[in-house]
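Here the structure is laid out as structure tokens; the discussion comes afterwards.
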Amino acid sequence: MTLADSEAWRRQLEFIRGYIHWIGTASAGAQVWETPGLSAAITPAAATRSIPNSVIPENAQALAASYDELARAYRDAGVETWTVWLHEDDSEARSFLEAKGHEFDGEPVAMALELSEWEPEDLGDLDWDAEASFDELGRLNDLAYGYDPPGMAPAMAAPAGDTSIRLYRARSGGEVGCVLGTLDEDDDSGVIFVATVPEMRGRRLASRLLTAALMETRARGMKTSSLQASALGSPIYERLGYRTYFRFHIMERHFDSQARR
């Protein structure tokens, strides 16, 4: 059994909205900006990074109705770079954003795993726990993806309110080398910010740590797990049992292009 495409889209929407509600409350000056059919995180602590400043619209109409006000909110907050997540089939929204100065910045793969049918791999001698800190999550992601300070870490602080985020870490030689988070929305658990520091790659830390997290996820009663993967990362998730449903198109806008329009 697999999810219907429409259900996979709904779960991805809810997952990204949940992420926005975390990142939009997790650091000084951050805010969640919402209108009917659209959610956005405005995160001045990571003003040059688009992912903490993400927008998810349900459709082109919701995007167009709110766009100018949203662009002003980003500019007024001092955010230099922000991005909009679109379903790959939404050509109307993509054309609208291109006319506003956005540029195509990638096509992450939307993937999901049916936990009832999943067979976990052997964790082997993995040294792991579910007690990672938000500081570790930010620091290791900056190290893994080569972000210069201040990078993403200032945006990945503890949320202001209750959250369903759980943070996991794996060690090698006693040092934390891999982190990831899960975010529960209804009966789906999304996977966020998987990172392995460069010197510890090749040890299958990420795949085994995610397996450990998914075992806990299923034990909590979650039915599915959703994530967005890069082209390089998607084969790893496929080997774990995730299926590709569609691609997002992420459309980025920079401060300079804002200033010209």
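Derivation of every value follows stated rules applied to the coordinates shown; laboratory data play no part. The structure displayed is predicted, hence computed values, not measured ones. Using ideal geometry, Cβ is built from the backbone for each residue, glycine included, and neighbour counts are taken over all protein chains shown.
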Largest-first ellipsoid semi-axes for segment 193-247, taking √(5λ) over the Cα gyration tensor eigenvalues, angstrom: 20, 16, 9
Amide H contacts of Phe246 (H built 1.01 Å from N, under 5 Å, at least 5 apart or other chain): Ala110
Cβ-Cβ cut-off under 12 Å around Ser234, Lys and Arg +1, Asp and Glu -1: the net charge is +1
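Please compute, over every Cα-Cα pair in segment 158-235, the percentage with a separation greater than 22 angstrom.
Values: 786 of 3003 pairs.
Result for the distance tail: 26 percent.
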Rounded to the nearest 20 debye, what is the charge dipole size of the chain about its Cα centre when +1 sits on each Lys and Arg Cβ and -1 on each Asp and Glu Cβ? 400 debye
Computed over the chain: relative contact order in percent, which uses C-alpha pairs under 8 Å that are six or more apart: 26 percent
Taking every pair of distinct Cα atoms and averaging 1/r, then inverting, what Kirkwood hydrodynamic radius in Å comes out for segment 113-246? 15.2 Å
Cα-Cα separations in segment 5-130 greater than 24 Å, expressed as whole percent: 35 percent
Structure-based [θ]222 nm, the chain - -39500 (n - 2.57) summed over DSSP H runs of at least 4, per residue, nearest 500: -10000 deg cm²/dmol
Burial ranking of peptide ranges 83-95, 60-72 (average Cβ count within 10 Å, highest at the top): 83-95, 60-72
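Please report the relative contact order for segment 23-167, taking Cα pairs under 8 Å with a sequence separation of at least 6, and give it as a percent rounded to a whole number. Don't jump to the answer; show the numbers that get you there.
Numbers: 188 pairs, mean separation 37.4, N = 145.
Reported relative contact order: 26 percent.
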Of the beta bridges DSSP finds with both residues in the chain, what % are antiparallel, to the nearest 5? 90 percent
Suppose the chain between Phe104 and Arg10 were pulled fully straight at 0.36 nm per residue; how much longer would it get relative to their current alpha carbon spacing? 31.6 nm
Antiparallel DSSP beta bridges within segment 113-246, as percent of all bridges there, nearest 5: 85 percent
Arg239 to Thr48: FRET efficiency via 1/(1 + (r/R0)^6), r the Cβ-Cβ distance, R0 45 Å, to the nearest 0.05? 0.85
Cα centroid separation - segment 213-246 against segment 106-168, whole Å: 13 Å
How are the Cα pair distances of the chain distributed, in percent, across 5 Å bins from 0? 1, 6, 13, 17, 20, 17, 13, 7, 4, 1, 0, 0
Could you put Phe96, Phe246 in order, starting from the residue whose Cβ has the fewest other Cβ atoms within 10 Å? Phe246, Phe96
